[in-house]
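A.B. asks: Before we start, here is the structure in question, set down as structure tokens.
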């Protein structure tokens with residue numbers, strides 16, 4: 001019997017880790033008797049199992065009963081025999097003369113710790129399985145999506161400052177995306193600015209360019225990106241005095257009064273994913289900005305998508321099954337098919353904004369807001385006609401698909417004017433804490449040079465100091481596309497008829513999708529948003 | 001140390017947990033058929049380790065113990081003086097013994113399965129994405145002590161000196177005619 005020193009060392013360390021739990025048994029589970037008569041008259045009840053030690057050092061193990069022949073003074077039964085080194089000799093029916101017996105040993109079974117181990121590991125298994133299932137059902141909730149940008153100290157995807165080109169899922173869908181940074185970029189040496197870009201998903205990110213936009217602003221002003229891609233300086237940001245839908249719901253006014261992460265959400269229609277809702281807002285009339293002048297008013301909406309579009313995208317991928325590469329090749333080569341796929345997103349639509357025209361007594365459209373991605377919050381402005389902003393109050397309607405959008409804020413602001421941004425390109429890049437000399441060139445311009453990032457990659461992007469100095473608000477503009485990694489759960493026979501039904505807005509397919517999503521909607525939200533979901 | 005290294009380390013530890021730790025002792029369900037002696041660890045009056053190994057027999061106020069490790073560097077200096085020539089068996093007079101630990105069995109019947117199960121649980125946290133920051137520590141904090149305790153610990157027995165012999169390989173004492181140098 002020998003145990004290696006290494007095993008001893010490892011074992012010793014583990015014992016320390018285990019805080020040296022001691023489990024003690026009563027020694028009485030084992031007894032020895034000098035002879036059979038003593039055992040028979042002492043042990044009560046008679047033991048079922050025996051170990052009979054003979055004078056030559058052998059031991060016989062009886063595990064299926066035994067008998068004592070008092071006439072011949074022999075112990076009878078089926079036993080296994082072991083020599084003095086406890087090597088197995090033989091087994092079978094034996095007759096042992098009592099005068100060969102040196103001592104008799106009996107043992108009662110002892111109770112192991114198996115039950116407590118099983119209970120603990122079963123509990124952990126249930127928890128882990130629940131999280132695993134939730135992550136399989138909704139991978140983006142667990143693994144993120146698209147390049148995520150961090151300008152502050154946060155490193156968790158739930159607090160990402162921006163996410164890039166969420167809807168660019170194929171090379172032909174490469175697009176640019178501009179997002180406001182929730183925090184100013186961190187300071188780097190020599191007055192430069194640092195931004196972190198991560199690949200936190202099972203995706204290959206192909207990034208064409210990343211630029212930091214520094215938009216100058218005066219004290220008291222806030223810069224908001226317009227739906228027309230201009231940057232507006234605004235003041236007098238006013239929360240709504242009332243906000244309600246046509247259906248009874250909890251008053252959402254307080255939720256929409258600040259861009260603070262408290263979001264107004266709704267749930268989908270269980271039979272129709274394209275069912276829309278109308279949220280009516282009432283504002284006091286916008287006051288002109290006294291010092292800077294008044295260039296009109298605008299509705300400022302803070303929002304991001306729910307997980308509905310994520311569900312539809314992953315369902316589409318699962319329906320592509322193992323034909324996913326063929327389908328994507330077709331999308332790449334056939335513009336009409338590409339338009340059809342992109343049109344699926346249009347079936348759900350954006351946040352359509354209307355203002356009440358008192359003169360003509362009707363709702364006039366002022367534009368629509370749309371930005372893909374369930375992670376980073378967007379803040380966009382829609383200018384409204386000057387004549388709509390007259391009078392003592394202003395009514396605004398937001399029309400959108402139920403359960404598709406999360407509204408963080410809906411406010412009215414006075415527009416001071418537009419501000420041209422300074423475009424800052426990365427001058428230095430570190431990939432996973434190591435210098436990447438090619439990356440600044442790859443990310444610098446919208447050209448044919450791409451930076452490819454794989455899951456887990458993290459880039460530290462260093463930008464020069466803004467030329468204007470003074471106060472500025474920052475936005476990040478990224479351009480590229482990403483390739484979703486297929487997962488085993490999707491590697492099934494394709495269901496292209498369903499896929500085409502989705503694309504062609506087939507009522508049956510969409511009703512089935514509505515039912516399926518309704519069944520998991522609450523669970524997905526719980527996993528992803530925890531306490532942030534407010535219905 | 002990056003996350004991958006930490007996870008790899010944890011997985012290795014978890015798989016080792018199920019394999020080491022009193023593997024020379026019987027499992028609880030095998031105690032009724034196990035034929036070797038219990039493990040005894042002897043200490044002198046100063047609580048310095050004297051010898052440890054399988055208790056072979058008690059005879060003439062001497063404990064005969066077969067070292068678990070055939071390595072003289074491992075056996076304490078005092079213990080080496082007490083080795084029976086040409087064997088790894090220590091013949092330790094009872095008067096030398098200040099105290100002892102006696103271990104008779106492992107605490108779990110399926111320590112390897114528990115180790116594999118736990119390793120699987122750790123591996124499954126890799127599928128939790130960002131939530132690994134919560135599920136990995138939870139699994140470690142809750143599961144590791146349980147698995148280590150169950151797979152690397154043994155049942156101890158406190159036994160009066162008069163009954164110590166029943167945990168020896170030869171409870172009757174050294175069998176006459178058995179050459180100690182032939183025992184392993």
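A.B. asks: When only alpha-carbon atoms count, how far does segment A:27-107 stretch along each of its three principal axes, as whole angstroms with the largest first?
C.D. replies: 34, 31, 22
A.B. asks: Still on this model: Any idea how far the Cα center of segment A:201-223 sits from the one of segment A:33-68, in Å?
C.D. replies: 84
A.B. asks: Report the FRET efficiency, 1/(1 + (r/R0)^6), for residue A:337 and residue A:278, where r is their Cβ-Cβ distance and R0 is 45 Å, rounded to 0.05.
C.D. replies: The formula returns an efficiency of 0.85 here.
A.B. asks: Now a separate question. Scaled to the compact-protein estimate 2.2 N^0.38 Å, what is the alpha-carbon radius of gyration of chain B, rounded to two decimal places?
C.D. replies: On the way: Rg = 20.6 Å, N = 184, 2.2 N^0.38 = 16.0 Å.
Output field value: 1.29.
A.B. asks: Report Rg (one decimal) and Dmax (nearest whole number) for the protein assembly as shown, counting Cα atoms only, units Å.
C.D. replies: Just the Cα atoms of the protein assembly as shown yield Rg and Dmax of 38.1, 123 Å.
A.B. asks: Rounded to the nearest 0.05, what FRET efficiency do residue A:465 and residue A:119 have when you use their Cβ-Cβ distance and R0 = 45 Å?
C.D. replies: On the way: r = 60 Å, r/R0 = 1.34.
Using R0 = 45 Å, I get an efficiency of 0.15.
A.B. asks: Now for a different question. Per residue of chain A, what 222 nm ellipticity follows from adding -39500 (n - 2.57) for every DSSP H run with n ≥ 4, rounded to the nearest 500?
C.D. replies: -7000 deg cm²/dmol
A.B. asks: Would you compute, for the Cα atoms of segment A:362-475, the largest minus smallest coordinate along each principal axis and list the three values in descending order, in whole Å?
C.D. replies: 58, 38, 25
A.B. asks: Counting each DSSP H run of 4 or more residues in chain B as -39500 (n - 2.57), what helix-only mean residue ellipticity at 222 nm follows after dividing by all residues, to the nearest 500 deg cm²/dmol?
C.D. replies: -9500 deg cm²/dmol
A.B. asks: Please give, to one decimal in nm, the separation of the simple spin-label points placed at residue B:123 and residue A:425, each 7 Å out from Cα toward the Cβ.
C.D. replies: 4.7
A.B. asks: Could I ask something else about it? Modelled label-to-label distance, residue A:136 and residue A:500, 7 Å Cα→beta-carbon offset: nm?
C.D. replies: If labels sit at residue A:136 and residue A:500, their model points lie 3.0 nm apart.
A.B. asks: A further question on this structure: What is the gain in length, in nm to one decimal, between residue A:55 and residue A:99 on full extension, counting 0.36 nm per residue of separation less the C-alpha to C-alpha distance?
C.D. replies: 15.0 nm
A.B. asks: Given R₀ = 30 Å, FRET efficiency for residue A:492-residue A:448 by Cβ-Cβ distance, to 0.05?
C.D. replies: Working from the Cβ atoms, E equals 0.25.
A.B. asks: According to a simple spin-label model (label point 7 Å from Cα along Cα-to-Cβ), what is the distance in nm between residue B:86 and residue B:73?
C.D. replies: Each label point lies 7 Å from its Cα, and together they span 2.7 nm.
A.B. asks: Grab the Cα-Cα distance for residue A:218 and residue A:91, subtract it from 0.36 nm times how many residues apart they are, and report the gain in nm with one decimal.
C.D. replies: Working it through step by step, the gained length comes to 36.1 nm.
A.B. asks: What full-extension length gain, to one decimal in nm, is calculated for residue A:512 and residue A:34 as 0.36 nm per residue of separation minus the Cα-Cα distance?
C.D. replies: 164.2 nm
A short reminder: the numbers here are calculations on the coordinates, not readings from a lab. What you see is a predicted model, and the numbers here were worked out from it, not measured in a lab. So basically every Cβ, Gly included, is an ideal-geometry build from the backbone, and we count neighbours across all protein chains shown.
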